[in-house]
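First up is the structure itself, then whatever we jot down about it.
The values are calculated or read from the model by the stated rules, or taken from the named source; none is laboratory data. Given the structure is predicted, the values throughout are model-derived calculations rather than measurements. Don't worry about glycine lacking a Cβ; one is built from the backbone with ideal geometry, like all the others, and counts go over all protein chains shown.
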Amino acid sequence: MTKSSEEKSADFFAGPGEVRALARTLDWGATPLGWPDGWSPALRIAARAMLDSPFPICLWSGPEYALVYNDAYRRILAAKHPAGLGQPGSVVWAEIWEGLEQQFAQVRAGGPPVYFEDARFVMARLEGGQTEDAWFSYSLSALYDEDGTVAAVLNISPETTARVRAEAALHIERARLEEVVRRAPAFMAVVRGPTHVFERVNDAYLQLTGHRDVVGKAMFDAIPEARGQGYEELLQGVLDTGEPYTGRGLPVTLERTRGAALEERLIDLAIVPLTELDGTRSGIIILGTDVTDQVRSHREIERARDRAERLQSLSAALAATTTPEQVAEVVVAHAVAAMGADMAMLAVRTPNEAGDGAEDLVCLRQTGLTAEVSSDYSSFPVSASVPTATSARTGESFFFEDGASIRAAFPQIPDVFDRLGMQSLATVPLVVGGAIIGATTFGFSTPRTFAGEDREFFIALGRQAAQVLERARLYEAERMSRVRTESLQHVTAALAKAQSMADVGHVFSRELTRLIGADTAWVGVVTPDGSVIEALGWSGYADGEAEGWRWLPVDAGIALTDAVASARPQWWATRDAIAAAYPARAALIRSLAQDGVAVLPILGAPAWDRETANERGTNGANPVATSEPEDRAIGGIVVGFRTPQHFDTDTRTFFLALAQQCSQAMARARAYEAEQAARLEAEAARSAAEAASQAKSQFLATMSHELRTPLNAIGGYAQLLEIGVHGPVTAEQKRSLERIQRSQRALLAVINEVLNYARVELGAVTYDLHPTHISDVVAEAMPLVEPQRAAKKLSLLVRLPDVAGAPGLQVLADSDKLQQILLNLLSNAIKFTPEGGTVIVELGDQMDDRGHAVLRVSDTGVGIPADKLDLIFEPFVQVGRALNNPTEGTGLGLAISRDLARGMGGDLTVESTPGVGSVFTLTLQRATDD
Ligand code: ADP
């Protein structure tokens, strides 16, 4: 039994694969190919081989090119499978057939095979007939039958779409990358071989290296100036070891424009080896960034911060300073540390020593100067032609970056800067409140540039220093004036204790050295004859050193005598200055230990000072000086210092005030000495007078005693005659005898009184003091004056009230003496009160201010003129006594009475109005109860 074509087809397509499975069921009779049993043997063999191949292969048979394909080709057909099997080429690939038909025809006609690589087709093989690009490397070759006819076109057709697409993407990627690299801000170069021949470089690299034509050239031939900067070694190292290198901020010096000066750039750099597949290192990629501007601006920021910090720490350090010297020290130290200066000086303007209104610059602080230069420039005129002085004068700043520019600007500059080895210099003025108070200079031993910020730093430094200096100056001035005020007070206090001129000289010279800080002080005074200045005291000299200046003739022609003669002070900064002014004595002056000297005249104190001096201890208001011009010197003071001195206005004022204190102390001492002399004189006179008075009292006592004996005898004999012992006496004789006796009694009374007075005066009276009732004494006295009172028809009133708080008052008295006083006061009152008047004895109802009892005897009598009130207590004084009208009495009563009252611890005083009356007041100690 013969098999049908279908069965034979199934047999033919027996085997694995999807296409075979499809082919087994396909109705081949309906295709241009017909059933496989009808195919030529070549076609059948080729079809079998094709179906077994994993490579995409198909056969296009017959004039219609009917398609038979394998499983691998099925993926190329995509949506055209399974419909494509057995179909003509014009149907299967209708969309691209137009281009293909010619190629198929050429092969079928026996032409050469066709081969294309990566040919592009736009195929509608997607689901729904959508098109897509696809690439194929395909061949078309003829499959011959035995008879030499072409049975089919063999089409081997691997699809390369994925590779083509990938290659295209890669290409785009690479082009993009190259563009990025070319335009990158980072520079890049690829070099090859041991001499580093440039293979490619980007724009940034060209820019860095000055747009040179480097590609194809060895690196260090193309960029010769890069040799010797360490880069050859770096590249070689990377090639040798294969270790990439990275570095930051590396300096490289390049010619960035043809013919221009070399320029330093800073780069961040990576050097990476190019390693081949076989591990050899064929080249290097150089990759980097020019970071010059970043680094510089970063450094700039750092520097700015650094400067700000320095200025801040300067401010902090300055805040702790109090004296100008401290300020100068801090400023100099900071600037030297901050800027690395080798020399620095800070000088301030000061009125010069000569006092002619010109100014000096006084160096407050320096460093890095030689001893010689430092001494030359410790003080120099502000008019000097050096940068510091010019800056302090004009307010200009100077920044000299090398020695030549210093000399160009200051041609007549002394060679100090050369001697100090200074190559560059910065000088800024010290300016505060618009005033230039000095300048500061910093020197450097190498040339250097002063960038804008450096200059600003120095100028800011000058400004800060000036402010703080000014503050310190004010502070110092305030402190000095306080210290000086206190010193002046101390000196004044010390001088107040000086009584003699010698004391003044001694105390003053000692205080000058002890308190004022002078090293030596000498004080002298012009002798009364005006010929010599005599030393009053000195202090601080070596033993014997000042001996030769005990007496200095006023015409000696030395600074002291000149100052005294002209009454003008002299201020000498140094001994050289004095020596120059007194050349004749230069050798001596130079031999002295002192350097700076103030010579002060002691001016005559104005009149009020002498008055004040006379009233020692009184402290009156400030009288105004009236007479006596102060331009005459009474002495001189020499104040010496072992170091040079600058006597500024305040210091001068202070020293002149000290000299004035000395002058006043001298005036007081002179007045005191004069007063002492006067007192001694007065004491001598008084003791002489006392001796005379003693002699007088003695005489009175002796004489009255001697007179009493014959007077008593006269009285006695007169009585004997009167009573007729010597015979009868006539009435006439009797009257005479009575007169004799009356005269004898009167004379005796006088004599007794004189004797009494003399005794009291001689202190020969003794007091028997005991408590005594005043009322008793008054009661006893009354009868004794009764006859006199009655004769003058006077009222005599006694008022003895109980004294407040002391009823029945007792006084401490000698009752006989008290009686004597009371009788004397009563008889005077009666005697000097006209007829009809009144006399009152009364006890005061209060004690006086000494606590004494007060007994008053007052009358309405003639009174006593005010100018006689003191006199009546003197012995032998009787008011209104005329020679032709002798009043009764001796003028001794009140003198004796007051002596007695005082002898008992009391007193006797009087008040009186002429024509109205008198009041005598007797005070007596009260007897205390115990
Ligand atoms: P005598 O009374 O002995 O003269 P006194 O020493 O007692 O001496 O008095 C001195 C003088 O004081 C008197 O001469 C008289 O001028 C004046 N005198 C004293 N007491 C009174 C008085 N009560 N009124 C006026 N004058 C008086």
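Leu170 passes all but one of (1) within 26 Å of His298 (Cβ to Cβ); (2) out of contact with any Asp or Glu (no Cβ under 7 Å at 6 or more places or on another chain); which number fails?
Going through the list (1) within 26 Å of His298 (Cβ to Cβ); (2) out of contact with any Asp or Glu (no Cβ under 7 Å at 6 or more places or on another chain), Leu170 breaks only (1).
Can you tell me how many residues in region 226-245 are loosely packed, with under 15 Cβ neighbours inside 10 Å and of a type outside the set (S, T, N, Q)?
Residues that pass the stated criteria total 10.
Check off (1) over 30 Å from Gly110 (Cβ atoms); (2) in a strand (DSSP E or B); (3) among the hydrophobic types (A, V, I, L, M, F, W, C) for Val215 and give me the number that stays unchecked.
Condition not satisfied by Val215: (2).
Determine if region 436-446 includes at least one residue that is more than 19 Å from Ile637 (Cβ to Cβ), of a type in the set (A, V, I, L, M) and modelled with pLDDT under 90.
no
Could you list, in sequence order, the residues of region 821-864 that are under 24 Å from Arg789 (Cα atoms) and exposed (fewer than 15 other Cβ atoms within 10 Å of the Cβ)?
If the condition is that a residue be under 24 Å from Arg789 (Cα atoms) and exposed (fewer than 15 other Cβ atoms within 10 Å of the Cβ), then Pro834, Glu835, Gly836 are the ones that fit.
Among the numbered conditions (1) in contact with a helix residue (DSSP H, G or I) (Cβ under 9 Å, 6 or more places away or on another chain); (2) part of a helix (DSSP H, G or I), tell me where Ser775 comes up short.
Unmet for Ser775, out of (1) in contact with a helix residue (DSSP H, G or I) (Cβ under 9 Å, 6 or more places away or on another chain); (2) part of a helix (DSSP H, G or I): (1).
Return the total of residues in region 632-677 being of a type in the set (Val, Ile, Thr) and surrounded by 15 or more Cβ atoms within 10 Å (Cβ to Cβ).
Total satisfying the criteria: 5.
Which condition from (1) in contact (Cβ under 8 Å) with a residue 12 or more places away in the chain; (2) of a type in the set (S, T, N, Q); (3) surrounded by fewer than 17 Cβ atoms within 10 Å (Cβ to Cβ) is the one that Thr520 breaks?
Exception for Thr520: condition (3).
Look through region 686-739, keep the residues that are among the polar types (S, T, N, Q) and over 17 Å from Ile751 (Cα atoms), and return whichever of them is nearest to the chain's Cα centre (by Cα).
Ser687
Among the residues of region 287-324, which ones are of a type in the set (Val, Ile, Thr) and more than 29 Å from Arg256 (Cα to Cα)?
Those that are of a type in the set (Val, Ile, Thr) and more than 29 Å from Arg256 (Cα to Cα): Thr321, Thr322, Thr323.
Would it be correct to say that Ala581 is surrounded by 18 or more Cβ atoms within 10 Å (Cβ to Cβ), of a type outside the set (Asp, Glu) and under 20 Å from Ala598 (Cβ atoms)?
no
Is it fair to say Leu170 is out of contact with any helix residue (DSSP H, G or I) (no Cβ under 7 Å at 6 or more places or on another chain) and at pLDDT 90 or above?
yes
Sort through Arg471, Arg419 and tell me the only one that's out of contact with any Pro (no Cβ under 8 Å at 6 or more places or on another chain) and surrounded by 14 or more Cβ atoms within 10 Å (Cβ to Cβ).
Arg471
Could you list, in sequence order, all residues of region 771-798 that are surrounded by 14 or more Cβ atoms within 10 Å (Cβ to Cβ) and hydrophobic (A, V, I, L, M, F, W, C)?
Across region 771-798, the qualifying residues are Ile774, Val777, Val778, Ala781, Met782, Val785, Leu794, Leu796, Val798.
Quick one: is Val416 touching a helix residue (DSSP H, G or I) at 6+ places or on another chain (Cβ under 9 Å) and over 20 Å from Tyr377 (Cα atoms)?
no
Please find, among Ala152, Ala142, Ala168, the residue that is more than 12 Å from Phe116 (Cα to Cα) and either free of Cβ contacts under 8 Å to residues at least 12 places away in the same chain or among the charged types (D, E, K, R) (or both).
Matching residue, one of Ala152, Ala142, Ala168: Ala168.
Out of all the residues in region 900-926, which are more than 7 Å from the ligand (Cβ to nearest atom), in contact with an Asp or Glu (Cβ under 7 Å, 6 or more places away or on another chain) and either assigned to a helix (DSSP H, G or I) or under 15 Å from Leu826 (Cα atoms) (or both)?
Ala901, Gly917, Val919
Would you check which residues across region 389-430 are within 34 Å of the chain's Cα centre (by Cα) and basic (Lys, Arg) and list them?
Across region 389-430, the qualifying residue is only Arg393.
Condition check ((1) out of contact with any Asp or Glu (no Cβ under 7 Å at 6 or more places or on another chain); (2) within 24 Å of Glu401 (Cβ to Cβ)) across all residues:
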| site | (1), (2) |
| --- | --- |
| Thr275 | yes, no |
| Gln294 | yes, no |
| Ser297 | yes, yes |
| Pro324 | no, no |
| Ala347 | yes, yes |
| Leu369 | yes, yes |
| Asp376 | yes, no |
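Pairs needed: first member in region 887-901, closer than 13 Å to Ile872 by Cα and acidic (Asp, Glu); second member anywhere, more than 6 Å from the ligand (Cβ to nearest atom) and modelled with pLDDT of 90 or more; C-beta distance under 6 Å; at least 6 residues apart or different chains.
Here the result reads none, with nothing in region 887-901 linked to a residue that is more than 6 Å from the ligand (Cβ to nearest atom) and modelled with pLDDT of 90 or more.
Output the number of residues of region 517-535 satisfying the condition of being in contact with a Leu (Cβ under 7 Å, 6 or more places away or on another chain) and closer than 15 Å to Phe655 by Cα.
Matching residues across region 517-535 total 3.
Can you confirm whether region 289-311 contains a residue that is among the charged types (D, E, K, R) and part of a strand (DSSP E or B)?
Yes, region 289-311 contains at least one residue that is among the charged types (D, E, K, R) and part of a strand (DSSP E or B).
Working carefully through the options Ile830, Ile821, find the one that is under 20 Å from Ile751 (Cα atoms), of a type in the set (A, V, I, L, M, F, W, C), in a helix (DSSP H, G or I) and within 11 Å of the ligand (Cβ to nearest atom).
Of Ile830, Ile821, the one residue that is under 20 Å from Ile751 (Cα atoms), of a type in the set (A, V, I, L, M, F, W, C), in a helix (DSSP H, G or I) and within 11 Å of the ligand (Cβ to nearest atom) is Ile821.
Out of Gly505, Gly530, report the one residue that is out of contact with any Ser or Thr (no Cβ under 6 Å at 6 or more places or on another chain) and not in a helix (DSSP H, G or I).
Answer to the check: Gly530.
How do the helices (runs of 4 or more DSSP H) wholly within region 1-119 filter down when requiring 2 or more residues that are aliphatic (A, V, I, L, M): which remain?
Answer list for region 1-119: 18-25, 41-52, 71-77, 89-92, 97-108.
Just name the residue that is surrounded by the most Cβ atoms within 10 Å (Cβ to Cβ) out of those in region 51-66 that are under 20 Å from Tyr115 (Cβ atoms) and in contact (Cβ under 8 Å) with a residue 24 or more places away in the chain.
Only one residue fits best here, namely Cys58.
What pairs come up if the first residue lies in region 812-837 and is closer than 14 Å to Gly906 by Cβ, the second is more than 15 Å from the ligand (Cβ to nearest atom) and of a type in the set (Ser, Thr, Tyr), and their beta carbons are under 7 Å apart, counting only those six or more places apart or on different chains?
Pairs that qualify, where the first residue is closer than 14 Å to Gly906 by Cβ and the partner is more than 15 Å from the ligand (Cβ to nearest atom) and of a type in the set (Ser, Thr, Tyr), are Ala813/Thr772; Asp814/Tyr767; Ser815/Thr772; Lys817/Tyr767; Leu818/Thr772.
Quick one: which of Val386, Val332, Val431, Val382 is modelled with pLDDT of 85 or more and within 21 Å of Pro644 (Cα to Cα)?
Val382
Can you pull out the residues in region 841-882 that are away from the ligand (no atom under 12 Å from the Cβ) and either farther than 24 Å from Leu924 by Cα or of a type in the set (A, V, I, L, M, F, W, C) (or both)?
Within region 841-882, Val841, Leu843, Met847, Ala853, Val854, Leu855, Ala866, Asp867 meet the criteria.
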